[in-house]
Amino acid sequence: MAADKTFDDYRALAAASIRPFADAPLLHFIDGRPAASASGETFENNSPVDATLLGSVASGDAADIDAAANAAHEAFADWSGRSGKERKKILHRVADLIESRADDIAAAECVDTGQTIRFMSAAAIRGAENFRFFADHAPDANNGRSMPDEHHVNFSSRRALGPVGVITPWNTPFMLSTWKIAPALAAGCTVVHKPAEWSPYTAAMLSEIALEAGLPPGVLNTVHGFGESAGKALTEHPLIKAIAFVGESSTGSMIQAQGAPTLKRVHFELGGKNPVIVFDDADLDRALDAVIFMIYSLNGERCTSSSRLLIQSSVHDEFVAGLTERVKALKVGHPLDPSTEIGPLIHPRHCAKVRSYRAKAEAAGASVIVGGGASSDPDSYYVDPMLFTGARNDMDIAQEEIFGPVLTVIPFSDETEAVRLANDIEYGLAGYLWTGDTGRAQRVARDLEAGMIWVNSQNVRHLPTPFGGSKASGIGRDGGPEYSFEFYMETKNISIAYDSHAIPKLGHIS
Ligand code: NAD
């Protein structure tokens, strides 16, 4: 938690960060310049803190996407043709500037999304780390492998794919966008970014930073607007070679269809309903801390949240008693107050969805152990954390991604049942398991159907490792040069003969 600044300090920072956008509409950033929508359309952006209007935002459509895609296309030859060392230098400057504005970015993110400052201050710094990590790999991005055979030298190399589209959600928008944009730029691609319409501000701040860092015009373009207009047009544009998308599984499915006519390469990071399995031989104190952290941090608006707790029946009552006490004590409040643990949720529509699961839990016969109170006020963006027990895995509260501070508890008797319940779901993003038995840890980690497994740990991201989901949770992996560059680059193999191999002779006259 950022302890050096007070609630008032953060309020002042947020006001200063957001003010320029209140005085005039927030514009797109195309070819190195702010740009209004060709149509002149704007939409309003309200803060989840108190529903006040933060400002208006340019609403992009196919014409603005076309301008941005052309700018990215024009800039591609120069950017991809620069040496990796040069790209590294500029991207480190982006990271420096993110670091120097990290508090502004974090404060703006909080008033725009409702995420709390205790988590957003670290998220802004992680954005800078993403740029540094991939910047350091830029000089080696084109490297390939040597695979000689008896008669040939074979070697591969990689080159940047071209202009790519990046489409991001609203839950931790700045950090997530840097996860995609940094490797794309390091690889030599140019980018058109379409941030989520509910959280446009920090994408605009990233554009300003990119310009100040010396990123050439057209290398990073940002078009604001709605999914069905700006987002759809980006996925359909013929100059855009690939789409890196983070968002809901159903949207991923639409994007795949929209991109099919232009044969778009896609990388999807989608939804999750991730199990955390706690066995009775685990360190239950550490497990309790991690279970609470992984669902009630980031307002529960987190793709890798452990929203399904599978708890061994022998320790169920003890564990749930501890859980109940702690969940009741969670501090819901203003996102810029450093002591707040859960802030307001992003949008009235999302609040209504999250609240609806209380009635669904009751109707299905589960027990609502914590939750209700302020969460029943339909006009408030603040939703009290909820805890459901006595659930079965086939209930909606166990199967659907709620994307809020809501935990569903399901008991199990043994290892086989735990794995069966964990896998009985359409999603496969992350799995967490807690046990003191090494063999069991290995077996369960092997058998869980998910792209990422953490054993005796909450989600701790290490950038070289592959990040992504299986089943309905995604296609492809981020991370490290092997995974991220593989997506943003095209691999070419060159085979050169030693002039020693036999060439079949056809039509030969003897
Ligand atoms: P969403 O799918 O509604 O929107 C995401 C983005 O897609 C937005 O920018 C939106 O405007 C755009 N979009 C919507 N329809 C589109 C279309 N037809 N064509 C092109 N773009 C379109 O998701 P959301 O509600 O903003 O975010 C929450 C979801 O994101 C959750 O499901 C969460 O699990 C997921 N998520 C996944 C990860 C991960 O790494 N797997 C990380 C964060 C969030």
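The values are calculated or read from the model by the stated rules, or taken from the named source; none is laboratory data. The shown structure was predicted, so the numbers you read here are calculated from the model rather than taken from an experiment. Neighbour counts run over all protein chains shown; Cβ positions are idealised from the backbone, glycine included.
Summary table
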quantity: Helices (runs of 4 or more DSSP H) within segment 374-458 that include 2 or more residues within 16 Å of the ligand (Cβ to nearest atom); calculated: 396-399
quantity: Cβ pairs under 9 Å, 6+ apart, first in segment 383-394 and closer than 7 Å to ILE369 by Cα, second of a type in the set (Phe, Trp, Tyr); calculated: PHE388/TYR357
quantity: Tally, over segment 308-319, of residues that are over 23 Å from GLY272 (Cβ atoms) and either crowded, with 21+ Cβ neighbours inside 10 Å or touching a residue at least 24 places away in the same chain (Cβ under 8 Å) (or both); calculated: 5
quantity: Residue match in segment 104-117 (condition: in the same structural domain as ALA67 (by TED's automatic domain parsing) and either more than 30 Å from TYR381 (Cα to Cα) or aromatic (Phe, Trp, Tyr) (or both)); calculated: no
quantity: Residue check for THR168: over 18 Å from ILE240 (Cβ atoms), surrounded by 24 or more Cβ atoms within 10 Å (Cβ to Cβ) and within 14 Å of the ligand (Cβ to nearest atom); calculated: no
quantity: Residue within segment 465-484 that is away from the ligand (no atom under 14 Å from the Cβ) and at pLDDT 95 or above present; calculated: no
quantity: Segment 244-264, subset more than 8 Å from the ligand (Cβ to nearest atom) and crowded, with 17+ Cβ neighbours inside 10 Å, residue nearest to the chain's Cα centre (by Cα); calculated: ALA244
quantity: Any hit, segment 206-222, residues being within 13 Å of the ligand (Cβ to nearest atom) and more than 15 Å from the chain's Cα centre (by Cα); calculated: yes
quantity: Qualifying residue in segment 341-349 (condition: away from the ligand (no atom under 16 Å from the Cβ), assigned by TED's automatic domain parsing to the domain that holds TYR296 and at pLDDT below 95); calculated: no
quantity: Filter result for ARG355 (within 16 Å of the ligand (Cβ to nearest atom) and not β-branched (Val, Ile, Thr)); calculated: no
